[in-house]
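Novice: Before we start, here is the structure in question, set down as structure tokens.
Just so it is clear, none of the values below were taken in a lab; they were calculated from the coordinates. Worth saying up front: this structure is predicted, and the values here are computed from it rather than measured. Ideal geometry is used to build each Cβ from the backbone, glycine not excepted, and the neighbour counts take in all protein chains shown.
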Amino acid sequence: MADVLTPEQRSFNMSRIKGAHTKPELLIRKALYTRGFRYRLHLRNLPGRPDIVLGRRRVAIFVHGCFWHGHNCRLFKLPATRTAFWTTKIDANIRRDKAALDSLRRSGWRVLVVWECALRGTTAPNATGTFKRVVKFVEGNRKLLELRGR
Ligand SMILES: [Zn+2]
């Protein structure tokens, strides 16, 4: 098939490819790093392989793409084709995320989930506000927090 995607379409498709280094994740990492926090990335020995781990503070951070992780928000739209395939796949991701989160919490980890829509799209709060809430979570003692767009 001929390559007929515009750069915008290609960029959109690429944004849907599950990658370890998504842009929202890089933003969160940078926000933490510039404030002096040090962390490890994608630790395979932890449930769900959290994107960012601050071991001493026992904090695991997931930066979830709203499509892949089936977020109930404006960024999520089930594709019109192969709908059953996507539904099955995304449902499995949701179950896996839930299991990982429960398992981490049982082991005493504090878990922060930052949804893509907290940083991207028309419903996003301003990024600075999101970063402040991330830092507050890391420094505090809350056990669980999700940050999302409206
Ligand atoms: Zn979302």
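Novice: Subtract the Cα-Cα distance of T122 and I94 from 0.36 nm times their separation in residues, and report this length gain in nm to one decimal.
Specialist: Numbers: separation 28, 0.36 × 28 = 10.08 nm, distance 2.38 nm.
Here the segment from T122 to I94 would lengthen by 7.7 nm.
Novice: Can you tell me how much longer the chain between K23 and T83 gets when fully stretched, taken as 0.36 nm per residue apart minus their C-alpha distance, in nm with one decimal?
Specialist: This chain segment gains 19.0 nm when fully extended.
Novice: According to a simple spin-label model (label point 7 Å from Cα along Cα-to-Cβ), what is the distance in nm between H42 and E139?
Specialist: Placing both labels 7 Å along Cα→Cβ, they lie 3.0 nm apart.
Novice: For the cross-link pairs K98/K143; K30/K89; K77/K132; K89/K143; K23/K132, which exceed 25 Å when the distance is taken from alpha carbon to alpha carbon? Show your work: numbers first, answer last.
Specialist: Details: K98/K143 15 Å; K30/K89 30 Å; K77/K132 29 Å; K89/K143 28 Å; K23/K132 18 Å.
Long pairs (Cα-Cα over 25 Å): K30/K89; K77/K132; K89/K143.
Novice: Using only Cα atoms, what Kirkwood radius does region 23-147 have, in angstroms?
Specialist: Details: mean 1/r = 0.0663 Å⁻¹.
In region 23-147 this quantity evaluates to 15.1 Å.
Novice: Within the set of other residues whose C-beta is less than 9 Å from the C-beta of I52, count the net charge using Lys and Arg as +1 and Asp and Glu as -1.
Specialist: 0
Novice: Consider just the alpha-carbon atoms of region 85-139 and return their Rg together with their Dmax, both in angstrom.
Specialist: Values for region 85-139 (Cα only, Rg and Dmax): 14.2, 41 Å.
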